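Undergrad: Once you've had a glance at the structure underneath, I'll fire off some questions.
All of the numbers you see were taken from the coordinates with simple rules; none came from a lab. For clarity, every value in this text was computed on a predicted model and none was experimentally measured. So basically every Cβ, Gly included, is an ideal-geometry build from the backbone, and we count neighbours across all protein chains shown.
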Amino acid sequence: MAKRPPITNRVRELRERDGLSQAALGQAIGVTRQTVIAIEQGRYSPSLESAFRISRVFHAGIEDVFGWEEE
């Protein structure tokens, strides 16, 4: 089994709170719906630029959206 990255996120929670679809969020930050799905599931960590874009969509600080779990 592949080890999950130590980066956590609240993307799905915030997206649903704001009533955005995965496709709409992807369009807002310049990635595909499939990339948004992978980010939400923790299978993919976004680039720093994408992480900032996601945070701005939700009007939140980057640390309010993403977290780091030290091993």
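Undergrad: Quick one: putting +1 on the C-beta of Lys and Arg, -1 on the C-beta of Asp and Glu, what dipole do you get for the chain around its Cα centre, in Debye to the nearest 20?
TA: Around 320 debye, computed over the chain.
Undergrad: Starting from the chain, pick out the trypsin sites (Lys or Arg not before Pro) whose DSSP state is loop and whose Cβ has at most 16 other Cβ atoms within 10 Å.
TA: Answer by residue number: Lys3, Arg10, Arg43.
Undergrad: Another question, then. Of (1) 19, 14, 11; (2) 16, 13, 12; (3) 33, 10, 6, which is the value of semi-axes √(5λ) of the Cα gyration tensor in Å derived from the coordinates here?
TA: This structure yields the entry labelled (1).
Undergrad: Related question: State the extension gain, in nm to one decimal, for the chain segment bounded by Gln34 and Ile62, taking 0.36 nm per residue of separation less the distance between their alpha-carbons.
TA: Here the segment from Gln34 to Ile62 would lengthen by 7.9 nm.
Undergrad: What relative contact order, as a whole-number percentage, does the chain give when Cα pairs under 8 Å and 6 or more residues apart are counted?
TA: The value is 43 percent.
Undergrad: Let me ask something additional. Name the residues whose placed amide hydrogens come within less than 5 Å of the amide hydrogen of Asn9, ignoring near sequence neighbours (fewer than 5 apart) on the same chain.
TA: Residues meeting the criterion, in which the H sits 1.01 Å from N, are Gly67.
Undergrad: Hey, another quick one. May I ask for the angle, rounded to the nearest 10°, between helix 48-57 and the longest principal axis of the chain, with both axes built from Cα atoms and the value confined to 0 to 90°?
TA: Value to nearest ten degrees: 40.
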